[in-house]
Amino acid sequence: MLYFTGIIMADKYEEKIKSALQNEDMAGAAEIAQEYLDEVNNVRLNIAITGEGGSGKSTLVNALRGIKNKTPGAAPTGPKETTMEPTAYIHPQNDKIIIWDLPGIGTVNFTADKYLEDVGFEKYDFFIIVSSERFRENDAKLAKEIQKKKKKFYFVRSKIDNSVRDEKRDDPNVKEEEVLNIIRNNCTEELKKLGFESSKVFLISGCSLHLYELNDLRKTLLEELLELQRDVLLLALPNISLDVIEEKKKTLESKIKWLTFTSTAVAAVPVPGISEGVDLKIISKFTQECKESLGLTPELLQKVSDLSGVPLEDLKAELKSPLTGGEITKELVLKVLAKYGAVITAMAAEGGARFVPIVGIPVAMALSSVSTYYSLKYILNSLVEDATRVFMKAVSRSHL
C-alpha cells in the first residue's frame, strides 16, 4: 500500500483538475496543479550510511552526491574512522535530500547496543550498511534492530575495484566475473551465519559508479521507496547509466502535464513560428530543473570531469542545445523557441487535442496552453540528448 501512496495522491489531484476544467474554471485548475507540485517539491528524504569504521561510508556519501573525495564539500575519507558524530550532507541538486554519514558502529563512543538510539534512528528513511571486507556481528545486530523497527536497510560491499585489482594481481588469468561471484557468495554465506538467509548484497565501488552493482541498488531503492521519494532520489542521483537518464526523462516528463495545468490561467507570450503563446516563466524554471537533474549545469559538468578524468572542454563539446550554455533567462528561452517554433508546432499538430491524456479531448480543447506543453517536451528531449552524449563521453575513459 505504501508504494501506491504517491499514485493515489496524484489521481486525487487529477480528478480535481478534470472537474475544474470541465466547469471551465481555468484558475481553479491552475491552483490545484500548483498545490500538487508544491507537495512534490517539498518531499524530504534522509538516507543513513552506516557500518564499521574505515568501510568506505564517506566515499559512498560523496559518490551519491556526485562529489569526488578530497574536493571542497566532500565528506572526509581515510583508512580509519573519520566520522565522529552523525554528519548531514545536503545533496547539491536538492536541499530536501540529506545523506547522513554515521559514525562506525562498535566504536568506543557508539557501541552496538545503543547505536540506533545514539545516532537518532527515527529521522532516517532507510539505511545502507557498508562493509569493505566482510559483514560482522555488529552489522547483523544493527540490521536486526532496524528490521524490528520496520525500516528498510541494504547491505553494500564496498571497495570492489580494490578487491578485483588485488585478485588479478595474484592471478592475472582470473576473470572479473569470477572474482565478483566469489565475493558475492562469501557475503551471502557470512550473512547466513549471522541470521540473514536471503539478504541481497550490492557490490559497489564509490570511485567507479557505473561499474558493478550501484545500478542494481538504485533499482531496488526505486522499487521500494514511496513514489514521491523515489522520484526525488532519482532526479538527484548522478548519471551512472543510460537507464538512469531515461528514467529521469520519464519522471520529468510526468511533471509536464502539471506545469501545463498551472499555465492555463496565465497570459501567454506569442512566439514566432508557434501558433499559440507560451508561458515563459514556467518553461524557464522547468529548463533549469532539467539541467540540474540531468547534470548539465557548469558546476555539475565540472564534477563529471573531476570524477571521470575527461577534460571539461571535451564534455562541453558534446552539448548541442543553446540552453546548456549558461544562465536560463526568459530571453534565451524565447530565442530558442522562436528558432525551433516549426518543430514544436509539428509536435503539437501530431499530438492534437489529446496532449494531456488524463483529461481527454473535450477538456484538452478548452486549454490555451498546448504550445507550453510541447515547448516543455521539446526542451526536455533536447537536454536528454545532451546528457546522453556527455555520459557516453565520460564513460569512454573514466573512473566515474
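Every number here is computed from the coordinates shown, using simple stated rules; none is lab data. If you're wondering where the values come from, they're calculated on a predicted model, not measured in any experiment. Positions of Cβ are backbone-derived with ideal geometry, glycine not excepted, and every protein chain shown enters the neighbour counts.
Considering the dipole of the chain built from charges on the beta carbon (Lys and Arg +1, Asp and Glu -1) around the Cα centre, which of Ser305, Val395, Val174 is farthest to its positive end?
Result: Val174.
Suppose a student asked you for the relative contact order of segment 45-234, using Cα pairs under 8 Å spaced at least 6 residues apart; what percent would you report?
Relative contact order here is 21 percent.
For segment 281-296, what does the Karplus curve 6.51 cos²θ - 1.76 cosθ + 1.60, with θ = phi - 60°, yield as ³J(HN,Hα) per residue in whole Hz, taken in order and with x for Gly and Pro?
Working through the residues one at a time gives 5, 5, 5, 4, 5, 5, 4, 5, 4, 5, 4, 5, 5, 8, x, 10 Hz.
For the cross-link pairs Lys18/Lys249; Lys144/Lys303; Lys248/Lys320; Lys68/Lys281, which exceed 28 Å when the distance is taken from alpha carbon to alpha carbon?
Beyond 28 Å: Lys144/Lys303; Lys68/Lys281.
Under a plain spin-label model, where a point goes 7 Å from the Cα along Cα-to-Cβ, how far apart in nm are Lys114 and Lys339?
For the pair Lys114/Lys339, the computed spacing is 6.3 nm.
Given 0.36 nm per residue, what is the gain on full extension from Asn41 to Arg389 after removing their alpha carbon distance, in nm?
Gain on extension, Asn41 to Arg389, equals 122.5 nm.
Using Cα atoms only, what is the angle between the long axis of helix 26-41 and the major principal axis of the chain, expressed in degrees (0 to 90) to the nearest 10?
Roughly 10 degrees, rounded to the nearest 10.
If amide H atoms are built 1.01 Å from N in the plane of the peptide, which residues on other chains or at least 5 residues away come under 5 Å of the amide H of Phe155?
Ile129, Phe202
Would you work out the charge dipole size for segment 45-234 about its Cα centre, treating the Cβ of every Lys and Arg as +1 and the Cβ of every Asp and Glu as -1, and quote it to the nearest 20 debye?
200 debye
Compute the acute angle (0 to 90°) between the alpha-carbon long axis of helix 5-22 and the principal axis of greatest extent of the alpha-carbon atoms of the chain; round to the nearest 10°.
For 5-22 against the chain, the angle is about 0 degrees.
Putting +1 on Lys and Arg Cβ atoms and -1 on Asp and Glu Cβ atoms, find which of Thr260, Gly273, Ser241 reaches farthest to the positive end of the dipole of the chain.
Ser241
At 25 °C and a viscosity of 0.890 mPa s, what translational diffusion coefficient does Stokes-Einstein give for the chain, taking Rh as the Kirkwood radius over Cα pairs? Give it in µm²/s as a whole number.
My calculation gives 107 µm²/s for D.
If Lys and Arg each add +1 and Asp and Glu each add -1, what is the summed charge of the other residues whose beta carbon sits under 15 Å from the beta carbon of Tyr36?
It works out to a net charge of -4.
Would you tally the net charge around Gly195, using a Cβ to Cβ cut-off of less than 14 Å, leaving Gly195 out, and scoring K and R as +1, D and E as -1?
In short, 0.
Net charge within 12 Å of Ser382 by Cβ-Cβ distance, Lys/Arg positive one each and Asp/Glu negative one each, not counting Ser382 itself?
Once positives and negatives cancel, what remains is +4.
With a point put 7 Å past each Cα toward its Cβ, work out how far Lys330 is from Asp25 in nm, to one decimal.
The answer from the label model is 2.9 nm.
What is the calculated FRET efficiency for Asn185 to Glu15, with r their C-beta to C-beta distance and R₀ = 56 Å, to the nearest 0.05?
Calculated value: 0.65.
What number, rounded to the nearest 500 deg cm²/dmol, is the helix-based mean residue ellipticity at 222 nm of the chain, given -39500 (n - 2.57) per DSSP H run of at least four residues and division by all its residues?
Theoretical 222 nm ellipticity from helices: -16500 deg cm²/dmol.
How much length would be gained if the chain were fully extended between Lys320 and Asp95, taking 0.36 nm per residue of separation minus their Cα-Cα distance, in nm to one decimal?
Taking Lys320 through Asp95 to full extension adds about 78.1 nm, to one decimal.
Assign unit charges at the C-beta atoms only (+1 for Lys and Arg, -1 for Asp and Glu), then state the dipole size of the chain relative to its Cα centre in Debye, rounded to the nearest 20.
For this selection, approximately 260 debye.
Once you have the Cα-Cα distance between Glu197 and Glu122, take 0.36 nm times their residue separation minus that, and quote the gain in nm to one decimal.
Extra length from Glu197 to Glu122 when fully extended: 24.4 nm.
Once both axes come from the Cα atoms, what is the angle between helix 137-148 and the longest principal axis of the chain, in degrees from 0 to 90, rounded to 10?
Helix 137-148 sits roughly 40 degrees off the main axis of the chain.
Most fluctuating residue of Gly341, Gly66, Gly295 in a GNM of the chain with Cα springs under 10 Å: which is it?
The residue that fluctuates most here is Gly341.
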